[in-house]
Structure formats: C-alpha cells, structure tokens
1. When ranked by the protection proxy of mean other Cβ atoms within 10 Å per residue, highest first, what sequence do the peptides 112-122, 53-63 form?
2. Which aspartates and glutamates have a Cα less than 13 Å from the Cα of Lys127, not counting those fewer than 8 places away in the same chain?
3. If the chain between Ala241 and Glu64 were fully stretched, how many nm would it gain, using 0.36 nm times the residue separation less the Cα-Cα distance?
4. Apply the Karplus parameterisation 6.51 cos²θ - 1.76 cosθ + 1.60, with θ equal to phi minus 60°, to every residue of segment 149-163 and state each ³J(HN,Hα) to the nearest whole Hz, in sequence, with x for glycine and proline.
5. Simple spin-label model, 7 Å along Cα-to-Cβ: Gln130 to Ala262 in nm?
6. Determine which residues of segment 264-290 fall in the zone a paramagnetic label at Asp254 would reach in this model, i.e. backbone nitrogen under 19 Å from the point 7 Å along Cα→Cβ.
7. Report the full-extension gain for the segment Asp290 to Asp89: residue separation times 0.36 nm, less the Cα-Cα distance, to one decimal in nm.
8. Could you run the Karplus curve 6.51 cos²θ - 1.76 cosθ + 1.60 with θ = phi - 60° over segment 169-183 and give me ³J(HN,Hα) per residue in whole Hz, x for Gly and Pro?
Amino acid sequence: MASATVLSATGGVYNVELEDGTVTEASLRGRLKLEQRTGDRIVAGDAVRVQSQSDSTLTIESVEPRTSELARRAPGHGRKAKVIVANIDRVVIVFAVREPEPNRRMLDRFLVLAEANRLGSLIVLNKVDQADDPVAPEFLAPYEGAGYETLKTSAATGLGVAELRDHLCNARSVITGPSGVGKSSLLNVVQPGLGLRIGEVSSAVNKGQHTTVSARLIPLECGGHVADTPGLRELGLWGIAPDELPDCFPEFADLIGTCRFARSCSHTHEPGCAVRTAVDEGLVDAGRFDSYLTLRQEAEDAPRY
C-alpha cells in the first residue's frame, strides 16, 4: 500500500495525490463506507493508504487519524458536524471591503472555529482597490488589537498578493469566507495558470463542473497545499462547550483568571468580572464582546448528543 492525500471528494470519487506528486482517482473500500467518522467519512486533507487493484484502479484501504479538522454544524437544523477540511495548519479568512460588505459577526465565528481547533488564523480584507473610504483600518483594528495577523489585498491590482503567497507556501492552509469575496480570484493570482472559476474545478485537482459543497485541496507550485472552499452562508458552531468559549477570544487571555470567580466566571453577568470591566473601559472591543455573548448563548442552547 502507498500513502496519499485526499484532494477532493465528489460523488464517491476521490482525487488523491501520491507521495511522488501524481494526482489520480481512487474509490472507497466497501468496509470503510460502514465506519462512523466525525461528519464526513473522508474529506479533503485526509491522509489515506491506497492500494492498486488488478484492474489498475486504486482503492482507499484506510484513513489515518486526523491531526486537525475545521468543522461546523451541518447547515439548517443539522445535528452533526460538517467537516470542511482535515489536517491543516492555518485558516485564511477572506472578506471584502464591499460587494459583499464585511460582516464582523461572521468573521468572529470563523475565528472562534479556528481557535477551538487550535489553528492559526490570517484575516485577509480583499478588494481594497474598490474602497471609497478607509474602511480597512476601521474593520481590522479590533482584530489587530486582539493579536491577529491581518492583510489587505487586491486581486485586481496585486496588492498584498506576494505576502499572501508567502503565508500559503510550504504550509497547508484553508482559504475560506463568504461567497463573492474573491477567494478564487486571489488564488488565481497567487498561482498564475490555476484557472479557478465559479462553478469549475481546477485542472490540478479534477475535471469538469464543480457541483458539490466540498472543499478541494490544491497543490501549490511553491510547496504546500491550499484548500479552496465554497462560500459559506451559514456557520453554526460545533463541539464548543460554553466554558471553552472564553479561550477562543485571545483578548480575554490575561483577564479571565482575574475575575472574582476566576475561571468559573461566564463573563455575562457576574460581579467583579474583569472581562466586562475591560469592555467598559474600552480595553476590549465592545463588538467582539457582543459576539462572545451571542456565541455563548448559542453554545448554551445547543443540544447535546
């Protein structure tokens, strides 16, 4: 058997990259279809073992344990996880200055998912060439204050593209964000010739029309991989307990141990809460704290399975 990395999964057909860089198709061994895995059985980024059959086809024989995964609650009223991509190092979260307008609450959800999975984050604000006013500094300031790395880009002018390429090369990242923010456009200028278009899969991964909601892992010429994901309209949290949520806000780190009730404090109503005091004093962004309160309530209301 040989080791391989899953690049995409569409309709029961898996595109895998072998250790020598060869990209080919593989099917799933029957017994693996019966196994229960978190969310999807096999997703982009999974490390697998494949075996050649007598008819020269490849079958996936086993799946290695995941080192990390980015998962959200299944869309709608889902009662299970939807794993977006596995075995990644960093989440690159792309928003646009306009069309669509950037949504801080949505960005906060992405960041919490990354923090909960112990993944690094890079916040990218794209289409800055279209801004009629200095929206970028105002939008990014609370996140830079919280310690996040940010980058302003324009796929049209090339602004920030070299820096983005440096972040992506020789690593395994997932690039995500809402629809229409220019994720594929950025990847096309990061790696010229990739040719990603709406509704079309890169020739480096698969042929034909892209008809699923699955991520696809793209090998980069500069080394490493990037997972391109479809735009997400809904991002429900999954597997984050209410008392774990404060640790998903880096700006709370030096405060949560100094509350009157220490780590038992929910930071929602207790007297002597250092986090709420910092918000009142302008040391913690009020909008970020509002996101915390919303997500805390969501975590408390979430059913337990």
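Just so it is clear, none of the values below were taken in a lab; they were calculated from the coordinates. From a predicted model like this one, the values you see are computed outputs, not experimental measurements. Here Cβ is always computed from backbone atoms with ideal geometry, including for glycine, and neighbour counts include all displayed protein chains.
1. Peptide ranking by packing, descending: 112-122, 53-63.
2. Output for Lys127: Glu99, Glu101.
3. This chain segment gains 61.1 nm when fully extended.
4. Once θ is set to phi - 60°, the couplings for segment 149-163 become 7, 10, 8, 9, 9, 8, 5, 6, 9, x, 4, x, 5, 4, 5 Hz.
5. Simple spin-label model gives 5.1 nm for this pair.
6. 273-286, 288-289
7. 69.6 nm
8. 5, 6, 9, 10, 10, 10, 9, 9, x, x, 5, x, 8, x, 4
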